[in-house]
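Only one structure is covered here, and it is reproduced in the block below.
The values are calculated or read from the model by the stated rules, or taken from the named source; none is laboratory data. Only a predicted model underlies this, so the values are computations on that prediction, with no experimental measurement involved. Positions of Cβ are generated from backbone atoms using ideal geometry, with glycine treated the same way; all protein chains shown enter the neighbour counts. In case anyone asks, the SASA skips ligands and DNA or RNA and just uses the protein heavy atoms, side chains included. Shrake-Rupley method; radii C 1.70, N 1.55, O 1.52, S 1.80 Å.
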Amino acid sequence: MGTLMVLILVFDQTKPLFTQWRVGKNGVPFRFYKLTTLGKHRSVEPSQGSSDARATRLGRVLRWLILDEVPQIAINVLIGNMSLVGPRPLLQADIDLMAARLSPEDFAAWYAAYSSVTPGWTGRFGVSSRKYKIQSRAYLEARKHCDIAYVREANWRIDVRTILVHAILPFLDVNRSN
């Protein structure tokens, strides 16, 4: 992680660590860490993955290889506000979007599941979300389904499989950010 941070400092000339507040277990916010991959001109739009036009040249590589997520394991997982597998931690704005676009019953069921577990570095939705347009109705429905299913069916075998799939994603699907 130290080497990657130095590379970001040298090539992108920006602070190497990006932090953001995310919503964790029981709705408690926590500081979320990633390596900085976007240029200085950021917007509030959702990320578009490794092909995001706002990403730096180095940032695109880090995103494609999933190396921008190293701080989530080195910091968030080790201090306990994230686990290796679980629903991905969301911004409050993402939760508000789910509330606005899902039926009240679907939102209540999803949020009960989402907030009942520690969010994860990877999860069912994270490894399948690449086939949906970000924040589309299908994307939100898939998130709801995957998060609820994970909480109901979680076990170590599913976790190991999910981690392995996440780790090899860059090599399986080069167009995963579309």
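Need pairs with beta-carbon distance below 6 Å; first residue at negative phi and within the range 57-78, second among the basic types (Lys, Arg); sequence gap 6+ or separate chains. That search, which allows pairs on different chains as well, returns Asp68/Lys34; Pro71/Lys34. If you filter the range 114-128 down to residues that are farther than 16 Å from Pro71 by Cβ and of a type in the set (Ser, Thr, Tyr), you find that the one that is modelled with the lowest pLDDT is Ser128.
Does Arg88 satisfy the condition of being among the basic types (Lys, Arg), surrounded by 15 or more Cβ atoms within 10 Å (Cβ to Cβ) and over 16 Å from the mean Cα position of the chain (by Cα)? Taking the combined requirement at face value, the residue does not satisfy it.
None of Arg130, Arg143 is surrounded by 19 or more Cβ atoms within 10 Å (Cβ to Cβ) and of a type in the set (D, E, K, R) except Arg143.
Filtering the range 146-167 to residues that are closer than 20 Å to Met98 by Cβ and open to solvent by less than 30 Å² (accessible area, probe 1.4 Å) leaves Cys146, Asp147, Ile148, Ala149, Tyr150.
Based on this model, can you work out whether Ala53 counts as over 27 Å from Ala154 (Cα atoms), modelled with pLDDT of 95 or more and surrounded by fewer than 16 Cβ atoms within 10 Å (Cβ to Cβ)?
So Ala53 fails the test.
Among the conditions (1) under 16 Å from Phe32 (Cα atoms); (2) modelled with pLDDT of 95 or more; (3) open to solvent by 40 Å² or more (accessible area, probe 1.4 Å), Ala93 misses just one, which is (2).
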